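What follows is one structure encoded as structure tokens, with my remarks underneath.
The values are calculated or read from the model by the stated rules, or taken from the named source; none is laboratory data. From a predicted model like this one, the values you see are computed outputs, not experimental measurements. All Cβ positions, even for glycine, are placed from backbone atoms using ideal geometry, and neighbour counts span all protein chains on display. Just so you know, the surface numbers come from the protein's heavy atoms only, side chains and all, with ligands and any DNA or RNA stripped out. Shrake-Rupley method; radii C 1.70, N 1.55, O 1.52, S 1.80 Å.
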Amino acid sequence: MRFHVLIIAVSLASVAFLAAGAPGQFDDGPSEASDPTEAPAKTDELVRQLESTAARGGIYRAEAIGSLARIGAWPEVEHWLAKIDGVGDSTQLAQAADAIGNELLLRISLRSDLSDASRSAIKKMTAAAKANQQSPERLRAAIDQLAGDAIDANLGANRTLMAGGNASIEAIVSAITGGVGAGHRAKLLGVLKALGDGGAQALNQLALYGAPSVRASALDALRVLDPAAATDTLIASALATDATAEEAQVARRSSVFPPGFEKPDAIAVLADRLNTLRSVAMRTPNDLSPAVLWSVNDDRTGVQFNRSTEIFRRYREAYDAAQRLRRLGSLPPAVGRSVLAADLAYRVMVDVNWGDPDQVKQVRQLYRDQVDPPSLLVALAELRSRNDIPASVGIVRLLSDSIASGNAGSDLLVGRDGGFSELVEAVRDPQPRIRYEAADGLWQAVSRSERGFAFPGASYVRKTLAEMASLDSSPLVILLETRPVIALRQESILNQMGYVVERVTSAIEVERAIERGGDLRMVVSKIRIADAAPAELVDRVRRQPKGKRIPIVFYSDAETSEKSLRRTELETTSNRWISNDTPAVYLVPLPGSPAALTDVLFEVESKRRLPPLSVGERARFRMTGAAALQGDS
């Protein structure tokens, strides 16, 4: 019995053993369980090896930092980057930047937990790499390499020049105008073309403003590189009074200069181009869009670049177009005024305080037959009709200089038809800067004249002088609101933005406030107005000379009906008063902070040509107005 029980037990154990799977039986072999500590151990070992490499210093450290960054070992990256901050050799820093690579340096720099020492190291490496890429000796060597036929040498030279960017353009233009062989020039022009529009812009500057010895070679290179960009300069060079024989020959043999094309044709083409470029400049948003401006160097045999913004580039293009016309000699009066306007607009855009005696003297020497007071008054009328603010300011300052030097007559006070002179009309201009400077000039003329304020429009001059005398130290905003609590809150917000607020309670009071003038920047109003609908308020503001270009902001709140809201929304898209230079009408929710008016201010700034009046300028105009009124009393 016991024997049978033992047999049964052994059989059951065997079955259980086989069912569980004996080693080597019915399976694919022993399975290996993964060790959760194995991968970190491998990573730690890799980090240890990379740190050992970094400890060797030099290029090894930079290569190790790059590898550590790729595997995300950020504490170690931080540690070894801080070591590089102590390196002073620019060659080592440039080599380190090249070893790590631009993409990894950017990725590392974006980490928020990066120490100041590591950020400093990245800046040093980037600056050293840039200086190395733009080294004149390095670029000159690459240019010389392109003179040969070795393919590998040419490829290396191309890579070097492409990495140099604008510095390469400077070096290549200098080499081309200095004289190179035809094959060599073709290779250099190919690199210039690959570098973008900068090459054509640089050559254009040298062909227009360069020394006589280099203008012909620059013009010929420009003709080959970009025929379209060369057209205007070729036309001007072919007929310019100061063109060299070689320069004129290069221009006349180009395809853009057909037989029978003479000076009147050139003036017509270039004047049309000038008007187009002036219009483009006036429509260009005044924002921070980057641009590069090229100019000739001090000895006028090479070029240099400056970083600027798109609006200045556009005004510079109009200025260049004006200078092409000046090279042709005598011009029709209308074209001459356009040339003078483009010149003055660029000067005032670059320096809003332009107009000191030396600067005025320079312009008078350049435009001797166009800066007498009668010609300037005609120009001022044209410019104000176009709303060319920078050029108008320049003309007013030239007129003020004529008054100060005693070269102005009664035509500044009385128009040719016995009515308002154009300078008197300017005291009602929408732009405070123009009307204040015009009033200042007229006061100087009146103080030198025996007639006093006995001329057409004298009352407007007095009003503007009174407006100047009452200027506040801060710019003005008109607020239309009848509810005390909301008015107080909106006034507080506008005060935070740097404005002094004149609060009114009706549309008629808005009109009166605008008529009083001042450095007015904005009208802010609720939608429900007792004596006018929003559309009517817009009309009343825009019909006033001083309100033509004032932004108008309506705000909605819980009391605004859906119908009123829709009507006001329609007014924001109306084109009855909107032009390229007129700020729009806005509808915003009831402002709770200055951020609610961000879009309004952004558009106002984008359409502004010149900076607004500063605290110092308002103080100066206030003293001028007060002195004028005291002298008149």
| field | Two-decimal log10 I(q)/I(0) for the range 290-378, as the Debye equation yields it once each C-alpha is a single scatterer, q = 0.15 Å⁻¹ | value | -0.66
| task | Could you tell me the accessible area of Y367 in Å² (1.4 Å probe, neighbours in place), rounded to the nearest ten? | result | 0
| Pairing the Cα long axis of helix 58-70 with the longest principal axis of the chain, what angle in degrees results, from 0 to 90 and rounded to the nearest 10? | 80
| note | When the charge dipole of the chain is computed with +1 at the Cβ of Lys and Arg and -1 at the Cβ of Asp and Glu, the Cα pointing farthest to the positive end, of A157, A245, S385, is that of S385
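Carbon and sulfur atoms: what percent of the 1.4 Å accessible area of the range 50-145 do they account for?
48
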| said: If you split all Cα-Cα distances of the range 212-295 into 5 Å bins from zero, what percentages do you get per bin, shortest first? | reply: 3, 13, 21, 20, 18, 12, 8, 4, 1
| Charge-dipole axis of the chain as Lys and Arg at +1 and Asp and Glu at -1 on Cβ define it, positive-most pick from V600, A628, L288 | A628
| Nearest 10 degrees, 0 to 90: helix 263-283 Cα axis against the chain principal axis | 70
| Global size of the range 98-240 as Cα Rg and Dmax, reported in angstrom | 18.7, 63
| task | Report, please, the projected area of the range 120-186 averaged over directions, based on the convex hull of its C-alpha atoms, in nm². | result | 4.7
| field | Residue-count net charge about V214 - beta-carbon cut-off 13 Å; Lys, Arg +1, Asp, Glu -1 | value | -2
| note | Judged on accessible area alone, 1.4 Å probe, highest first, F554, F453 line up as F453, F554
| query | Ignoring any ligand, DNA or RNA, what whole percent of the accessible area of the range 406-532 comes from carbon and sulfur when the probe is 1.4 angstrom? | reply | 47
| task | In vacuum, with every alpha carbon of the range 379-529 counted as one equal point scatterer, what does the Debye formula give for log10 I(q)/I(0) at q = 0.15, 0.21 Å⁻¹? Two decimals, please. | result | -0.81, -1.22
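Under 8 Å for C-alpha pairs, at least 6 residues apart: give me the relative contact order for the chain, rounded to a whole percent. Don't skip to the end; give the middle numbers.
Numbers: 845 pairs, mean separation 46.4, N = 633.
Answer for the chain is 7 percent.
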| Cα lying deepest toward the dipole's positive end in the range 307-368, options L328, A341, T309, charges on Cβ | L328
| query | Just how far, in whole angstrom, is the range 71-86 from the range 289-327 if you go by their alpha carbon centroids? | reply | 44
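Mind checking Rg over Rh on the range 508-633, alpha carbons, Kirkwood formula for Rh?
Details: Rg = 16.7 Å, Rh = 16.2 Å.
Looking at the range 508-633, the ratio lands at 1.03.
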| In terms of modelled amide H atoms, which long-range or inter-chain residues lie less than 5 Å from the amide H of L480? | V504, V524, S525, K526
| request: Over the alpha-carbon set of the range 366-450, work out the extent along each principal axis and list the three values in angstrom, largest first. | output: 33, 30, 24
| query | Once both axes come from the Cα atoms, what is the angle between helix 357-366 and the longest principal axis of the chain, in degrees from 0 to 90, rounded to 10? | reply | 80
| message | Report the Cα-based extents of the range 247-345 along its three principal axes, largest first, to the nearest Å. | response | 45, 33, 24
| request: Could you tell me the largest-minus-smallest coordinate of the C-alpha atoms of the range 299-443 on each of the three principal axes, in descending order and whole angstroms? | output: 52, 32, 27
| If all Cα-Cα distances of the range 326-383 are sorted into 10 Å bins from 0 onward, what percent lands in each bin, rounded to whole numbers? | 21, 58, 21, 0
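Structure shown: which of K187/K263; K124/K193; K463/K548 lie over 24 Å apart, alpha-carbon to alpha-carbon? Show your work: numbers first, answer last.
On the way: K187/K263 36 Å; K124/K193 31 Å; K463/K548 18 Å.
Long pairs (Cα-Cα over 24 Å): K187/K263; K124/K193.
Plugging the Kirkwood radius over Cα pairs into Stokes-Einstein for the range 490-545, at a temperature of 20 °C and a viscosity of 1.002 mPa s, what D comes out in µm²/s?
Working: Rh = 12.0 Å.
In µm²/s, the coefficient rounds to 178.
Could you tell me the convex hull volume per residue, in Å³, taken over the Cα atoms of the range 357-415?
On the way: hull volume 4.7 nm³, N = 59.
Here the figure is 79 Å³ per residue.
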| message | What are the ³J(HN,Hα) couplings of the range 394-409, residue after residue, when phi is run through the Karplus curve with 6.51, -1.76, 1.60 and θ = phi - 60°? Round to Hz, x for glycine and proline. | response | x, 5, 4, 5, 5, 5, 4, 5, 4, 5, 5, 8, x, 9, 9, x
| query | Quick one: accessible area per residue over the range 424-519, 1.4 Å probe, rounded to a whole number of Å²? | reply | 40
